[in-house]
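Structure first, then comments.
The values are calculated or read from the model by the stated rules, or taken from the named source; none is laboratory data. Here the structure is a predicted model, which is why all the values come from computation and not from measurement. Glycine also receives a Cβ, built like all others from the backbone with ideal geometry; neighbour counts cover every protein chain displayed.
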Amino acid sequence: MNKHVMIVPCSGIGKAYGSVGRDALYQVIEEMRPNVTATVCLSLLTLGDADAQAQVRESPTITIDGCPKACAKVNVEAAGGKPVAEYRVFDVYRAHKELKVRSVSNLGKAGHEMARILAEEIATKVDEISQQ
Ligand code: SF4
């Protein structure tokens with residue numbers, strides 16, 4: 001497969017789990033799998049930007065959402081994309097209730113750890129997709 005895997009997090013401004021999702025995104029695209037992943041601005045998708053929409057239609061796309069409103073998934077689908085995997089930060093919290101995010105602007109050690117756990121799950125999924 002020669003296309004990058006697109007990873008689209010929700011914007012999640014003002015929501016701690018939105019911040020965790022973005023932290024996880026950056027860990028994957030900048031540190032864990034920089035050569036095979038990319039992202040696109042959710043706002044561009046929402047605004048109907050043709051290039052952004054084409055990227056999620058033509059590349060395998062993973063979404064990360066901070067709450068059940070699932071803005072990343074909804075907007076990828078509205079752009080004609082079909083996510084190959086959908087992640088919810090709350091699921092990580094459910095599995096690791098000992099991790100309490102400090103605040104929206106300062107995730108604290110536990111929040112970064114939650115993001116790292118999510119990032120590792122996503123990186124594993126990226127490997128699976130890339131090998132198809
Ligand atoms: S999914 Fe939830 S946290 Fe993320 S942008 Fe939408 S409303 Fe905000």
Review point. Can you pull out the residues in the range 100-115 that are within 19 Å of the chain's Cα centre (by Cα) and surrounded by 14 or more Cβ atoms within 10 Å (Cβ to Cβ)?
Key: Val101, Val104, Leu107, Ala110, Gly111, His112, Glu113, Met114, Ala115
Practice item. Under 6 Å between Cβ atoms, at least 6 apart or on separate chains: pull out the pairs that start in the range 65-93 with a residue that is closer than 23 Å to Gly48 by Cβ and touching a residue at least 40 places away in the same chain (Cβ under 8 Å) and end on any residue that is away from the ligand (no atom under 11 Å from the Cβ) and in a loop (DSSP other than H, G, I, E, B). Key: Val76/Pro83; Val84/Pro60
Exercise for review: Return a yes/no flag: does the range 35-52 have any residue that is under 16 Å from Asp91 (Cβ atoms), under 10 Å from the mean Cα position of the chain (by Cα), among the β-branched types (Val, Ile, Thr) and at pLDDT 95 or above.
Suggested key: no
Check your understanding: If you scan the range 22-58, which residues turn out to be away from the ligand (no atom under 16 Å from the Cβ), surrounded by fewer than 19 Cβ atoms within 10 Å (Cβ to Cβ) and part of a loop (DSSP other than H, G, I, E, B)?
Key -> Pro34, Asn35, Val36, Gly48, Asp49
